[in-house]
Amino acid sequence: MQTSHRPSRRRFLSHAGSGIVALSLLAPLRHALADAEPQNAITPQAALDRLMAGNARYAAGKPVQRDFSAGRAARAEAQHPIAAILSCADSRVAPELLFDQAPGDLFVVRVAGNYLNQDVLASLEYGVAVLGTPLVMVLGHSNCGAVKATIQEIQKPQALPGHIWDITDALQRGIEPVVKAGGDKLLERAIAANVEHNVARVAAAQPLLATAVQAGRARVVGAEYDLASGKVRLLGA
Ligand SMILES: [Zn+2]
């Protein structure tokens, strides 16, 4: 899906070794070799640290001032996102903004209720297995309408219009135990349960994601974004 027209590292080295390349050309050569390491050749923990540091900047109202045209030519050639995010479609949850990351940094899949289905799985597999993304984050958020609707649907089933029932049907399995158990802060606990349910499903998804997780090439984490504070909280951490 992505191509690179840059000379390979091997070709660079063989030319340098043959003496064809003048000494004055070695500086840009070294630069090219340094650039050959993609930005996502980092550990899952390093990727997570970058996200959380970015969220701290965002929540504090101190995001990095960016020139979005910078790096555009390189991005046209390839992408090396540091994290794949499965986020809710909610208009108030914007992963690139709330993690203060640039274009090319995040591979974002969004669906109302941030749940795994076949299409979402295919996209996450592409992010991890093809693009080499070391981190997958399932990102829920406070006051999620999809989770709210699912709670209502479990408590008192009703005819939802159009295809909206597909969402509540998909979320039901992860949320039902919380609703059945009852108690206070039902919505908050259901939001967390939905994230954790989908983290487990993503991490166990065969054949690509489970293999990447077991080999330590990728990690799957759950988190929740608080609409009021702008802060992301890791779940199960
Ligand atoms: Zn939502």
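Annotation note: trypsin sites (Lys or Arg not before Pro) in region 176-224 located in DSSP loop regions with a Cβ neighbour count of at most 14 within 10 Å are K185.
Take every DSSP beta bridge whose two residues both sit in region 82-237; close to 20 percent of them are antiparallel.
For K148, K62, the sequence from fewest to most other C-beta atoms within 10 Å is K62, K148.
Taking other C-beta atoms within 10 angstrom as a stand-in for reagent exposure, V93, V130 fall in the order V130, V93, fewest first. Across region 141-237, Cα-Cα distances exceeding 16 Å account for 61% of all pairs. Given an 8 Å cut-off on Cα distances and at least 6 residues of separation, report the relative contact order of region 95-195 as a percent. Once divided by the residue count of region 95-195, the mean separation gives 29 percent.
Among I151, I85, the order by Cβ neighbours within 10 angstrom, fewest to most, reads I151, I85.
For region 41-235, the residue among I175, G216, A159 whose Cα projects farthest onto the positive side of the dipole built from Cβ charges is G216. Stretched out straight at 0.36 nm per residue, the stretch from L227 to V130 would grow longer than its current Cα-Cα span by 31.7 nm. Loop-located trypsin sites (Lys or Arg not before Pro) in region 71-130 (DSSP state not H, G, I, E or B) with no more than 13 neighbouring Cβ atoms inside 10 Å: R92. The mean sequence separation of alpha-carbon pairs under 8 Å and at least six residues apart, normalised by the residue count of region 37-128, gives a relative contact order of 31 percent. Net charge dipole, region 41-235: roughly 320 debye, given to the nearest 20, about the Cα centre with Cβ charges of +1 for Lys and Arg and -1 for Asp and Glu.
Read the figures in this text as sums done on the coordinates, not as results from a lab. Everything numeric here is computed off the predicted structure, so don't read it as measured data. Backbone-built Cβ (ideal geometry, glycine too); neighbour counts: all protein chains shown.
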